[in-house]
4 protein chains.
Amino acid sequence: MAKAIVLQGSSGFDNLRMVERPVPHPRRQEVLIRVRATSLNYRDVEIARGSYHTTFPLPLIPLSDAVGEVVAIGDEVTRFSVGDRVCSTFWQRWVAGPFEMAEASNQRGGPRDGLLSEYALLDEQAAVLAPRNLSDLEAATLSCAGVTAWHALVSEGAMKAGDTVLVQGTGGVSLFALQFAVAGGARVIVTSSSDAKIEKAKALGAFVGINYRSTPEWGAAVLDLTEGRGVDHVIEVGGPQSFSQSLKAVHRGGQINVIGYLGGSEGSINPLEIFRRQVRVRGIPVGSRASFEAMVRAIEGNDLKPVVDRVFPWTDVADAMRYLESGAHFGKVVLAHHN
Amino acid sequence: MAKAIVLQGSSGFDNLRMVERPVPHPRRQEVLIRVRATSLNYRDVEIARGSYHTTFPLPLIPLSDAVGEVVAIGDEVTRFSVGDRVCSTFWQRWVAGPFEMAEASNQRGGPRDGLLSEYALLDEQAAVLAPRNLSDLEAATLSCAGVTAWHALVSEGAMKAGDTVLVQGTGGVSLFALQFAVAGGARVIVTSSSDAKIEKAKALGAFVGINYRSTPEWGAAVLDLTEGRGVDHVIEVGGPQSFSQSLKAVHRGGQINVIGYLGGSEGSINPLEIFRRQVRVRGIPVGSRASFEAMVRAIEGNDLKPVVDRVFPWTDVADAMRYLESGAHFGKVVLAHHN
Amino acid sequence: MAKAIVLQGSSGFDNLRMVERPVPHPRRQEVLIRVRATSLNYRDVEIARGSYHTTFPLPLIPLSDAVGEVVAIGDEVTRFSVGDRVCSTFWQRWVAGPFEMAEASNQRGGPRDGLLSEYALLDEQAAVLAPRNLSDLEAATLSCAGVTAWHALVSEGAMKAGDTVLVQGTGGVSLFALQFAVAGGARVIVTSSSDAKIEKAKALGAFVGINYRSTPEWGAAVLDLTEGRGVDHVIEVGGPQSFSQSLKAVHRGGQINVIGYLGGSEGSINPLEIFRRQVRVRGIPVGSRASFEAMVRAIEGNDLKPVVDRVFPWTDVADAMRYLESGAHFGKVVLAHHN
Amino acid sequence: MAKAIVLQGSSGFDNLRMVERPVPHPRRQEVLIRVRATSLNYRDVEIARGSYHTTFPLPLIPLSDAVGEVVAIGDEVTRFSVGDRVCSTFWQRWVAGPFEMAEASNQRGGPRDGLLSEYALLDEQAAVLAPRNLSDLEAATLSCAGVTAWHALVSEGAMKAGDTVLVQGTGGVSLFALQFAVAGGARVIVTSSSDAKIEKAKALGAFVGINYRSTPEWGAAVLDLTEGRGVDHVIEVGGPQSFSQSLKAVHRGGQINVIGYLGGSEGSINPLEIFRRQVRVRGIPVGSRASFEAMVRAIEGNDLKPVVDRVFPWTDVADAMRYLESGAHFGKVVLAHHN
């Protein structure tokens, strides 16, 4: 038998309960992993507290991001061997290519069971070798936030050295975007409500920061900082309010990657602004396994280290979720499963 | 001396006046053309009546779309010879590449003088050989509407056989998009307020039409017609109201090309819908000369004929503008300069 | 028990033998199909007679291209239901994305068992719904030749209306390329040693044909036919000798897709010719499932019908292979499994 | 009057003669520059000594790469002002887009007069602002070697962080490729005949070097260094002999950029190797002005410094050419025009 934490009965952090289940056997093209670490995304918090835009059948094992060791393999497994250290992918069926190649309803952590458990089965097509330069705690942060940042800037955005990237805030996706942009020779402008967090972002390589509390019209400030040119890429995680500023901050033909709504989901824009500013706007649905694998090569080749803000024991997941909810973090909140 | 029509004093169709000006001499890399035909775009109407989103210094010669015969060439002209029949490009400085390569404030018909005249100078970089299979009246329709449709679907959209294209209405851009989509092996769904226009669109190759008056929730109708898949490309010329329907009609990862606002410019969307629907949205700023030249090869290779709705003498430009304003047209309104 | 034909003992058409094997049960993510038709590719002939550039362990069931009906499904199959009519993919593990996403040694017909049998298992990731507008015999032709042509021209080549495509010969890949190019609005030039085959190709939409026996310097002839511009895409199936002519026939920056060596594999070029002619050359490894699915949409949307030259009973596979070897065919050689 | 050096009479370094010519006046869209520095490319040496694959009418002012100060502007110049420091582009007419957009016979240094002079006219479309972080001597090195490397790796190759790049030798193009690859987060493997040059390349950021004299089968060595994966990009400047090794060193689907033939132009390959290795091969014709401008942003954003090997007075061009011919250089050979 093996332990897992499930959300059961109804939503609410208090409904996260430890259960015991049999250790499953890997079938054709599946591997069994012993989970070493997981990490939290805001989506996980929303699902657990019941504020996500859709609901899933319960009980549900939460969390999509994990790293673990392969302890058994099923028939016809060709990609991994026992002993490999692997990360799970968010989409269980999106190997490569455009988003239409992802099969809907195959996300980990809802609707499919997630990885907040001692053991878990992974389809070998939905796993990648963890970067060799990362600890377990670091490798657990990649599946959603890392892949989202990479997919936006690189797979879709074709970022190149000399580009300018606007990164909103200092959450998980934004810090990965910062690190990938710096590694790729781009210049990063970061916004935050905290001067202290801006200083931390600069230590990671950001060129300059803008405090959006003291400079609410930060779109104009970005134009000034870029000599009127605007930025080539925006990591737009703020929601409709910040989107309006992003439209002002972006270069002609530039790219706005719509990823989140940490500043609230209410608000609106006139879509003709997209025409008038002649920009490209796209939703970013995390990314494919091909994006994940390319990102791993970049992480290894440049020895990039994900920013781990704080580590909780995996059994304290409710506390960890409350901490993430508070917004005090800088980087990822990680859960340690085994030592 | 040569005749030209200028908008002078202030905006208003009544302020379009015939003037006489010396025939200019082509300088380095310029050609002089005798204009044979021009065509109207909605932008021209807005500029003339004063409703365009910006204003230009007057007097201004209107219109960006023309075909003419090269009657003299300046120094270092290598692309054309006297006797060639050429079309003007909308952007005077956008040879190729992404929109950032276009130099702002170089559009014909405002702020730079347009082509409603007997003679005009063109930079040889801002002209293309007219398709050999087209009459003068047909060739005059391409510079804005044709290039916009091509740039959206082909240069930016990489349309391929088997794709589905949603075309809104039956104006100039939309009919070109219909024709290019059909020539490229794509399936076209057209919306219109007129069953008669839908029938005409079907005669041009549209697969099916939807009357948006009788079916205001046409987004859902499009999903049904595509077995739930949605369309790959939207030619969005309706404005914010139709944009909301387009978001419902589009395939996951599909492309919405924001081009116009014939249904009005008021309204709004929540930009998170772009995230939730995981689509790509872009403004289309007409297109580059490279797009124009590729389009010419497609027009010649497939013997495509632009849809000319009605021809006016060029001296009756005010009447022609009023006619375009009425919305009664199906295809392009053309002005004949010489016989 | 179910029948299958295996190559056993050693290579040679005489070593193709009928055997009986138990009908397999589909496992996780597998479907069992009753094979309705298969088709031959030149690779199959080479493997069977022992002239392929590598050898595979025997016994081996030949053939990679098949269509069949799903008669049973395993656990976690989400893409298909019993009763669906599906085509097999050549690569068992290349869902989408660039070729590096294909797992080597997973081709059907060698090294993995092929489909010359009554029943076969397919991974659901390695199957696509057959085009609804095609008969079984037609649908059996797509997996290699069709996907190769599509991948070269569309997935990699981004062919657009108005492009010019040079197609060598009238074998399976070349005729698919011809049909996809015509459907996509491109102009096709075909080479052949037979005037009669050229006439057939023109009936399928080719713009013009060149008999390479009477015009061995056909590269220059292609330049003349394109007014000196050259072609945008070459379907290069002839081998080193024809490659030299292709280099002369191709537009600056044009694309040569290296696919085969029907004219012999001996010969050489100076690779600096690629530099001097400033072209792009790529090997085409069939294509991904994403390419296959996009091709199916194009086949359905344009009601394209693969060219079936001749049909043999599947038990006469050796005769069918000798016929393909003779080079007398125009289009695909198909094997009927069931009526 | 102003000085210029021309190749006159016939080829041969001894036929490079100083002449005096009137200072030209800039016409429409032209700027007059006072040349501050130029640099040599191997092409210049070949043209001067008469070994280039084609010949140009004489007298000819050599050299395509220069930086200078704008001292006068003609009519309708919008991109530059007097006092700007600009670099010339190799192609006088290739603003952006694919190579088909370049007008042939418009290269500087042959057939069009080059920049080995005190003053020169530039079309404003064929000039870019010099990077602000570079000295004149550094900025003079970019037009051919820098743009070629950028165009190959970035504009055509879409290099991303984590890629591996094989750079042959330590000439101008190769060192720029090394620097751009390192700035973009890629890993660089360099080949050289000199261990000392390998050490210098490592000081610039190369991951590892291979001495191709001691390891003539360096293709296999590259595979070992990449754990069997091969490299994503090859900067192929060696000619047919090294091309064969490159084919062994490259990843499935990887890219070989054919740029030069420093190791000799004799030799051949079987083009089917391109098929069997499933790679992409392209000729690189320097690059467009858009590539140049993107490269400038990368140079400024990452404060990259071109490697200047040695500086000669511009009047000693023949000595400089003999030095380049000797192959002793590491980086660019520059000519100083003014102090």
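Quick one: if the Förster radius is 41 Å, what FRET efficiency do D:D75 and B:R310 give, using the C-beta to C-beta distance and rounding to 0.05?
Computed FRET efficiency for D:D75 and B:R310 comes out at 0.55.
Let a ≥ b ≥ c be the square roots of the eigenvalues of the Cα gyration tensor of the range B:228-339; is it rounded (a/c under 1.5), or, if not, prolate (a/b larger than b/c) or oblate? Provide the component values of the computation, followed by the final result.
Details: a/c = 2.75, a/b = 1.61, b/c = 1.71.
Oblate, since a/c reaches 1.5 and b/c is not below a/b.
If you keep only loop residues by DSSP, which GluC sites (Glu not before Pro) in the range A:186-269 have at most 16 other Cβ atoms within 10 Å of their Cβ?
Answer in residue order: A:E217, A:E227, A:E266.
Specify the inter-centroid distance of the range D:266-339 and the range B:130-189, based on alpha-carbon positions, in whole Å.
So the separation of the two Cα centres works out to 42 Å.
Using the heavy atoms of the protein chains alone and a 1.4 angstrom probe, what is the accessible area of the range D:119-195 per residue in square angstrom?
With the other protein chains kept in place, the range D:119-195 gives 20 Å² per residue.
If one takes the accessible area of chain C alone plus chain D alone and subtracts that of the pair, with a 1.4 Å probe, what total in Å², rounded to the nearest 100, results?
Details: alone 14420 and 14420 Å², together 26000 Å².
Heavy-atom accessible area buried at this interface is about 2800 Å².
Do any trypsin sites (Lys or Arg not before Pro) in the range D:90-145 lie in a DSSP loop with no more than 11 other beta carbon atoms within 10 Å, and if so, which?
On the way: sites: D:R93, D:R108, D:R112, D:R132; in loops: D:R93, D:R132.
Loop-located and lightly packed - D:R132.
For the range A:147-283, what are the per-bin percents of Cα-Cα distances with bins 10 Å wide, up to the bin holding the maximum?
Once binned at 10 Å, the Cα pair distances of the range A:147-283 give 13, 50, 34, 3.
Could you work out how far helix A:172-183 tilts from the main Cα principal axis of chain A, as a 0 to 90 degree angle to the nearest 10?
The two axes meet at around 70 degrees.
Run through the range A:289-324 and list the trypsin sites (Lys or Arg not before Pro) located in a DSSP loop whose Cβ has at most 14 other Cβ atoms within 10 Å.
none
Select from the range A:80-125 all residues whose loss of accessible area on going from the chain by itself to the full protein assembly reaches 30 Å² or more (probe 1.4 Å).
Hits at the 30 Å² cut-off: A:R93, A:V95, A:A96, A:F99, A:E100, A:M101, A:E103, A:D123, A:Q125.
Hey, which aspartates and glutamates would be in cross-link range of B:K3, C-alpha to C-alpha under 12 Å, not counting anything within fewer than 8 residues on its own chain?
Leaving aside aspartates and glutamates fewer than 8 places away in the same chain, those within reach of B:K3 are B:E20, B:E118.
Taking only C-alpha pairs under 8 Å that are 6+ residues apart, what is the relative contact order of the range C:1-78 in percent?
So the answer I get is 41 percent.
Using a 1.4 Å probe on the protein heavy atoms, what percent of the accessible area of the protein assembly as shown belongs to carbon and sulfur? Write out the running numbers ahead of the final one.
Working: 22310 of 45660 Å².
Carbon plus sulfur share of accessible area: 49 percent.
With the Cα gyration tensor of the range B:242-286 giving a ≥ b ≥ c as the square roots of its eigenvalues, does the rule (a/c under 1.5 for rounded; else a/b larger than b/c for prolate; else oblate) give rounded, prolate or oblate?
Taking the square roots of the gyration eigenvalues as a ≥ b ≥ c, the range B:242-286 is oblate.
How much of the DSSP beta bridge set in the range A:171-297 is antiparallel, as a percent to the nearest 5?
5 percent
Where both residues lie in chain B, what percent of DSSP beta bridges are antiparallel, nearest 5? Could you put the intermediate results ahead of the total?
Working: 32 of 59 bridges.
Just about 55 percent of them are antiparallel.
List the residues of the range A:172-215 that lose 20 Å² or more of accessible area once all protein chains are present, compared with their chain alone (1.4 Å probe, heavy atoms only, no ligands or nucleic acids).
Buried by the other chains: A:A183, A:G184, A:G185, A:R187.
I want to check the label-to-label distance for A:K3 and B:K3. Put each point 7 Å from Cα in the C-beta direction and report it in nm to one decimal.
Placing both labels 7 Å along Cα→Cβ, they lie 9.2 nm apart.
Run the simple label-point estimate for C:R132 and B:A203 please: 7 Å along Cα→C-beta, distance reported in nm.
Using points 7 Å along Cα→Cβ, the separation is 2.9 nm.
Could you check the spin-label model distance between A:A158 and C:D303? Points 7 Å from the Cα along Cα→Cβ, value in nm.
Simple spin-label model gives 3.7 nm for this pair.
Of B:K160/B:K200; C:K160/C:K197; A:K160/B:K248; C:K248/D:K160; A:K200/A:K248, which pairs sit farther than 30 Å apart, going by alpha carbon to alpha carbon?
Distance filter (> 30 Å) returns A:K160/B:K248; C:K248/D:K160.
Using 1/(1 + (r/R0)^6) with R0 = 51 angstrom and r between the beta carbons of A:R17 and C:V19, what's the FRET efficiency to the nearest 0.05?
On the way: r = 55 Å, r/R0 = 1.08.
The value I calculate is 0.40.
Using a label point 7 angstrom from Cα along Cα-to-C-beta, what distances in nm, from shortest up, separate C:H338 from the other copies?
Distances to the matching label points in the other copies: 4.7, 7.2, 8.6 nm.
Please state the relative contact order of chain C as a whole percent: Cα pairs under 8 Å, 6+ residues apart?
RCO, chain C: 19 percent.
Given the protein assembly as shown, what percent of its DSSP beta bridges are antiparallel, to the nearest 5?
Values: 136 of 244 bridges.
Just about 55 percent of them are antiparallel.
At 7 angstrom along the Cα-to-beta-carbon line, where would the label on B:T55 sit relative to the other copies? Give the distances in nm, shortest first.
Nearest to farthest, the other copies are at 5.8, 6.6, 8.7 nm.
With the Cα gyration tensor of chain B giving a ≥ b ≥ c as the square roots of its eigenvalues, does the rule (a/c under 1.5 for rounded; else a/b larger than b/c for prolate; else oblate) give rounded, prolate or oblate? Don't skip to the end; give the middle numbers.
Details: a/c = 1.87, a/b = 1.63, b/c = 1.15.
Prolate shape, in that a/c is at least 1.5 and a/b is the bigger ratio.
How high is the relative contact order of the range C:41-108, in percent, with contacts defined as C-alpha pairs under 8 Å that are six or more residues apart? Mind showing how you got there, number by number?
Working: 65 pairs, mean separation 16.8, N = 68.
After rounding, I find 25 percent.
The values are calculated or read from the model by the stated rules, or taken from the named source; none is laboratory data. Predicted, not measured: the structure shown is a model, and the values here were computed from it. Cβ atoms come from the backbone with ideal geometry, glycine included; neighbour counts cover every protein chain shown. With ligands, DNA and RNA removed, areas are computed over all heavy atoms of the protein, side chains included. Shrake-Rupley method; radii C 1.70, N 1.55, O 1.52, S 1.80 Å.
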